[in-house]
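The values are calculated or read from the model by the stated rules, or taken from the named source; none is laboratory data. Treat the numbers as computed from the prediction; the structure is a model and nothing was measured. FYI the Cβ positions are ideal-geometry reconstructions off the backbone, even for glycines, and counts take in every protein chain you see. With ligands, DNA and RNA removed, areas are computed over all heavy atoms of the protein, side chains included. Shrake-Rupley method; radii C 1.70, N 1.55, O 1.52, S 1.80 Å.
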Amino acid sequence: MSVMDIFAERIKLLREERGLGVREAAAMMGISHAALSLYENKKRTPDIEICNLFADFYGVSGDYLLGRTNERR
């Protein structure tokens, strides 16, 4: 599984665990729902700022989002 696959899978899982829809989560993070959908569907590669945004929003480490560890923090 690629880093993109893991990132997409984990951000979707984290969003669903919080009971948030794509539009709601995107609005809370200050990004478009289209952008969030592209990240979750592996159609857009996140840059470091986006990785940090997701990590901060979901309270997990960047290493977790990138699949370097299975520990969320």
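Details
- The set of residues in region 19-54 that are outside any helix (DSSP H, G or I) and within 21 Å of Thr69 (Cα to Cα) comprises Lys42, Thr45, Pro46, Asp47.
- Residue match in region 55-66 (condition: assigned to a loop (DSSP other than H, G, I, E, B), touching a residue at least 60 places away in the same chain (Cβ under 8 Å) and open to solvent by 40 Å² or more (accessible area, probe 1.4 Å)): yes
- Residue match in region 26-36 (condition: of a type outside the set (A, V, I, L, M) and open to solvent by less than 40 Å² (accessible area, probe 1.4 Å)): no
- Of all the listed residues (Arg44, Arg23, Arg15), the sole one being open to solvent by less than 30 Å² (accessible area, probe 1.4 Å) and touching a helix residue (DSSP H, G or I) at 6+ places or on another chain (Cβ under 9 Å) is Arg15.
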